[in-house]
Amino acid sequence: MATKSIISDERYCLVCGTPYNLHSHHIYGGTANRKLSEQYGLKVWLCARHHNMSNEGVHFNKKLDNSLKLLGVKAFKRVYPELDFVKIFGRNYE
Ligand SMILES: [Zn+2]
Ligand SMILES: [Zn+2]
């Protein structure tokens, strides 16, 4: 990963804790927001199963996706209190 995650930089799946088959997942998708996620460290480690290799993965499981997006907003506000998340990412996920 180019920048450090502001959520957790430990090399374990955030969902199940496995250290194997990890993928770096950018919390906010789409061309612009993926870049912003990289820039602000809004990414997490997920195992293949919890990323995009099963229906439980964040790319298919809306509930998990929403909870990570909420986690991302909270971390963003904690780390960058002077910045306006909605202005930068274009919408609120809370
Ligand atoms: Zn996992
Ligand atoms: Zn992903």
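Only the coordinates and a few stated rules stand behind these numbers; no lab work does. Remember, it's a predicted structure, so these values are computed and weren't measured experimentally. All Cβ positions, even for glycine, are placed from backbone atoms using ideal geometry, and neighbour counts span all protein chains on display.
Annotations
- Take every Cα pair under 8 Å whose residues are at least 6 apart in sequence, average their separation, divide by the length of the chain, and the relative contact order is 26 percent.
- Estimated distance in nm for a label pair at ARG78 and LYS63, the labels positioned 7 Å out from Cα along Cα-to-Cβ: 2.4
- Calculated from backbone phi, Karplus (6.51, -1.76, 1.60) coupling profile of the stretch 47-55 in Hz, x at Gly/Pro: 6, 3, 4, 8, 9, 9, 9, 7, 5
- When each of LYS4/LYS63; LYS62/LYS87; LYS4/LYS77; LYS4/LYS87; LYS4/LYS69; LYS4/LYS62 is checked by Cα-Cα distance, pairs over 20 Å: LYS4/LYS63; LYS62/LYS87; LYS4/LYS87; LYS4/LYS62
- For THR31 and THR3, the difference between the fully extended length at 0.36 nm per residue and the C-alpha to C-alpha distance is 8.3 nm.
- Ranked PHE76, PHE89, criterion: other C-beta atoms within 10 Å, fewest first: PHE89, PHE76
- As a proxy for reagent exposure, GLU38, GLU56 were ordered by neighbouring Cβ count within 10 angstrom, fewest first; the result is GLU56, GLU38.
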